[in-house]
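> This is the structure, below, for whatever I ask next.
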Amino acid sequence: MEIIKNVKGTHDIFAEENDAYDYVESLMKSISELYAFNGVRPPVLEYNSVFVRGVGESSDIVRKEMYTFPDKGGRDLTLRPEFTAGIMRLVVQNKLYATSELPIKLYYCGPVFRYERPQLGRYRQFNQFGVESIGNNAPMNDVEVIVLAYTILSSLGLEGVTLKINTLGDESSRDNYRNALKKYFSSHIGNMCEDCKSRFELNPLRILDCKVPEDRPIIDHAPKIGDYISIESKQRFDTILEALEVLQIPYEIDEGLVRGLDYYSETVFEFHYKSKKGADYGAIGAGGHYGKLMQELGGPELPGVGFSFGIERIVSVLKDDELLEDIKKKVDVYIMPLGEEANLYAQEIAVILRNGGGYKTDICFDKTKLGNMFKRATNKNAKFAVIVGEEEINTDSVIIKDLAKQEQITVSIDELVNKLDELMDEGDEE
Ligand code: HAM
């Protein structure tokens with residue numbers, strides 16, 4: 001029978017790759033905890049309107065990329081294409097703004113779905129880790145999330161990450177800019193792609209995201225947002241840039257950066273990194289400030305700022321740059337029972353090692369030669385082998401073999417954990 005394959009644009013994560021995802025996600029979580037963010041888990045399924053209203057009708061995500069379908073009860077549901085709008089729905093519905101200190105600081109991690117053309121670094125189901133800081137408009141909140149994102153990337157060992165940053169200004173700045181774009185593009189739009197024609201009607205700002213090469217020269221000559229920013233927004237942006245300089249976070253102002261989601265206002269940013277092999281997986285993370293998203297979802301007028309990382313892209317650059325070599329999962333002890341009757345004894349020893357000693361322990365249950373068992377211990381990166389046979393059963397003892405030093409001793413099971421503790425300490429000191 002023909003085998004069934006995974007869905008186009010999805011991928012299986014297993015073995016060392018799964019270890020890499022665990023490592024990256026837990027590092028992101030623990031650093032976010034240091035910045036006093038708390039975990040949150042919104043559902044994968046939301047009503048379609050969360051994203052139509054939240055991410056915006058003119059965004060490519062809503063126009064072309066959402067997995068939307070009616071359920072058996074006729075509800076219009078969407079597999080989340082991003083987290084921010086769903087997090088805001090959660091905050092509004094559960095009135096977190098009324099019961100928590102502001103800003104509410106949340107982090108999240110999980111799969112998101114976008115119907116995009118699969119290519120390098122681009123999947124239809126991928127994983128994001130991100131944070132949102134909601135309810136306080138001080139520019140220092142923007143600074144805090146940028147510093148957090150940058151710290152995470154540095155802690156993963158990525159050096160030379162480019163932080164591209166820009167300001168979209170407040171609502172009046174964007175209205176003025178939109179009008180200027182409308183005027184500029186009105187004389188060119190007839191020669192531009194079909195997508196741009198509908199973007200022109202819905203939101204001319206989105207034309208700036210167009211990737212069609214023939215359209216690029218026209219777009220490159222379009223007015224720049226910097227000329228339409230209000231004095232207040234300019235001051236806000238300058239405060240942020242000054243703080244980044246003091247905190248030694250290098251940045252590049254990119255006046256063309258407008259981001260593809262409609263909820264952004266004021267600060268927007270992206271993190272770019274080319275792996276040492278030269279592979280460019282696209283932005284490895286991105287985010288920004290949003291002023292009106294909570295209101296769009298029926299809540300009070302509270303702003304927020306956040307970012308999301310693309311875990312697939314980050315794991316790819318870490319792999320390319322050989323920054324995952326040290327995370328190989330190791331077994332502390334590999335137990336080798338010699339003969340059928342030693343299997344039960346091995347189980348008893350494993351209970352002592354796991355529950356009493358806290359040692360990560362595996363047992364070889366296959367009837368195989370001792371040499372093969374040592375090969376398996378090496379494959380599992382085990383530090384010690386514990387060998388048990390008839391002699392050990394009769395004397396309530398075990399043989400411990402240090403696999404690096406190739407030295408072995410016999411100890412009674414009462415002394416086993418203490419002796420292993422000692423040997424582990426010796427190994428750590430060397
Ligand atoms: P985004 O730029 O759409 O922003 O996505 C964030 C990150 O997800 C990207 O920088 C990229 O690393 C990754 N990503 C996006 N699409 C794909 C894909 N098809 N395959 C693999 N990785 C992908 C957001 O989602 C906003 N919610 C970020 C944010 C949070 N803004 C404020 N708070």
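The values are calculated or read from the model by the stated rules, or taken from the named source; none is laboratory data. Just so it is clear, the structure is predicted and the values come from calculations on it, not from any experiment. Counting neighbours? That spans all protein chains shown, and the Cβs are built from the backbone with ideal geometry, glycine included. In case anyone asks, the SASA skips ligands and DNA or RNA and just uses the protein heavy atoms, side chains included. Shrake-Rupley method; radii C 1.70, N 1.55, O 1.52, S 1.80 Å.
> May I ask you to verify whether Glu392 is at pLDDT 95 or above, among the acidic types (Asp, Glu) and open to solvent by less than 30 Å² (accessible area, probe 1.4 Å)?
Yes: the conditions hold for Glu392.
> Give me a count of the residues in the stretch 118-145 that are more than 9 Å from the ligand (Cβ to nearest atom), open to solvent by less than 60 Å² (accessible area, probe 1.4 Å) and not polar (S, T, N, Q).
Residues that pass the stated criteria total 8.
> In the stretch 118-153, how many are over 15 Å from Glu270 (Cα atoms) and of a type in the set (Ser, Thr, Tyr)?
2
> Another one. Hey, any hits in the stretch 212-226 for a residue that's within 24 Å of Thr84 (Cβ to Cβ) and either open to solvent by 70 Å² or more (accessible area, probe 1.4 Å) or in a helix (DSSP H, G or I) (or both)?
Within the stretch 212-226, one or more residues are within 24 Å of Thr84 (Cβ to Cβ) and either open to solvent by 70 Å² or more (accessible area, probe 1.4 Å) or in a helix (DSSP H, G or I) (or both).
> Got at least one residue in the stretch 228-249 being open to solvent by 10 Å² or more (accessible area, probe 1.4 Å), modelled with pLDDT of 95 or more, within 13 Å of the ligand (Cβ to nearest atom) and not in a helix (DSSP H, G or I)?
Taking every residue of the stretch 228-249 in turn, none turns out to be open to solvent by 10 Å² or more (accessible area, probe 1.4 Å), modelled with pLDDT of 95 or more, within 13 Å of the ligand (Cβ to nearest atom) and not in a helix (DSSP H, G or I).
> Next up: Just to be sure, is Val143 in the same structural domain as Glu25 (by TED's automatic domain parsing) and more than 19 Å from the chain's Cα centre (by Cα)?
Spelling it out, Val143 is indeed in the same structural domain as Glu25 (by TED's automatic domain parsing) and more than 19 Å from the chain's Cα centre (by Cα).
> Continuing with the same structure: Would you check which residues across the stretch 232-257 are among the hydroxyl-bearing types (Ser, Thr, Tyr) and in contact with a strand residue (DSSP E or B) (Cβ under 7 Å, 6 or more places away or on another chain) and list them?
Ser233, Tyr251
> Are there any helices (runs of 4 or more DSSP H) wholly within the stretch 293-364 with 3 or more residues that are at pLDDT 95 or above, more than 30 Å from Thr10 (Cα to Cα) and not acidic (Asp, Glu), and if so which?
342-351
> Now for a different question. Consider Tyr115 against the criteria (1) within 12 Å of the ligand (Cβ to nearest atom); (2) part of a helix (DSSP H, G or I); (3) open to solvent by 20 Å² or more (accessible area, probe 1.4 Å): it satisfies all of them except one. Which criterion is unmet?
Unmet for Tyr115, out of (1) within 12 Å of the ligand (Cβ to nearest atom); (2) part of a helix (DSSP H, G or I); (3) open to solvent by 20 Å² or more (accessible area, probe 1.4 Å): (2).
> Picking from Glu422, Glu322, Glu426, Glu348, which residue would you name as being within 42 Å of the chain's Cα centre (by Cα) and within 30 Å of Phe126 (Cβ to Cβ)?
One residue alone meets the criteria, Glu322.
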